[in-house]
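Encoded as structure tokens, the structure appears first; notes follow it.
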Amino acid sequence: MEMSAQYTSFVAVGDSFTEGMSDLLPDGSYRGWADLLAARLAARTPGFRYANLAVRGKLIGQIAEEQAPAAAAMNPDLVTLVGGLNDVLRPKCDVARVCALLEEAAATLAGSSKQLVLMRSPGRQGPVLERFRPRMEALFAHIDDVARRHGAIVVDLYGSASLGDPRLWADDRLHLTAEGHERVAEAVWQALGLEPEAEWDAPLPPPVPPGWVARRTADARFARTHLLPWIGRRLTGRSSGDGRPPKRPELLPYEPEGPSGA
């Protein structure tokens, strides 16, 4: 596939996963798989433009109402849509409604872009998300139907054994590390039909199990620093992204050395 002839622009929409948490840069901003993908596409295509409208904490209704129309107005060659997990992780969730809103966003984006990409987000192994897993899988099961109706590519990260490995997840146990984001960027790259540069789902080396004290200490720190604040936001309807603008709100030439936002 001749990349420069097909994709001269890319818009990413979604929540914290697409914003890039927790691929932290030295200046305190986040990079993430979408920035990594944009950099690789820009290296092949002079004048390549990129926008990232994703904001942490956004629900699928907000993505469909706010981000999708804005992205569609940019008429990008390539657009990625990942959303709905913040909805299914809330105490109450109408999964059918989430699926309908995802399709609404997909329809808006597919009609104004050359290629829409959908994803089944990766799922971390462990007990915290187990109670939400049936909702997640109901949402992910709907994605193939949406893709068929709108000519989208589906990147199945949920089925990845390596991306389920806790070592590829940050301390908050909700977001990927830098290596995790690099693997996602490679997975999307390959889904677009481009020459593989790495095996994105290669297994990690066998883990060295931490001792009992280390596990209990890490669990206590996680609960205090991440889990309790997250539960508090869910119960009160607040979001970590309230009032936060997108990090790349305009479709502009990509500058790999420029700020990646926060």
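The values are calculated or read from the model by the stated rules, or taken from the named source; none is laboratory data. This one's a predicted model, so the numbers in the text were calculated from it and none came from an experiment. Cβ placement follows ideal geometry from the backbone for every residue including glycine, while neighbour counts extend to all protein chains displayed. Protein only, heavy atoms only, side chains kept; ligands, DNA and RNA dropped before computing areas. Shrake-Rupley method; radii C 1.70, N 1.55, O 1.52, S 1.80 Å.
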Note to self: As an exercise, use a Förster radius of 25 Å and the Cβ-Cβ distance of Ala43 and Lys114 to find the FRET efficiency, rounded to the nearest 0.05.
What the structure shows: 0.80
Note to self: Multiplying the sequence separation of Asp171 and Asp156 by 0.36 nm and subtracting their Cα-Cα distance, what value in nm do you get?
What the structure shows: 3.0 nm
Checklist line | Using a Förster distance of 30 Å, the FRET efficiency for Arg90-Gln125 (Cβ separation, nearest 0.05) | finding: 0.85
Check: Sorted by mean Cβ packing within 10 Å, highest first, what order do the peptides 47-60, 152-165, 108-121 take?
Finding: 47-60, 108-121, 152-165
Checklist line | Cα radius of gyration and Dmax for region 78-158 (Å) | finding: 12.7, 40
Check: Spin-label point model (7 Å from Cα, Cβ direction): what's the Gln6 to Ala191 distance in nm?
Finding: 1.4
Next item on the list: Return the carbon/sulfur percentage of the accessible area of region 34-188, one whole number, probe 1.4 Å, all protein chains in place.
Entry: 51
Margin query: Averaged across orientations, what area in nm² does the convex hull of the alpha carbons in region 1-62 project?
Written below: 5.0
Note to self: Between Arg133 and Glu250, what is the label-point separation in nm under the 7 Å Cα-to-beta-carbon projection?
What the structure shows: 4.6
Next item on the list: Obtain the nm distance between the two label points defined at Ala100 and Glu179 by a simple spin-label model: each point lies 7 Å from its Cα along the Cα-to-C-beta direction.
Entry: 4.3
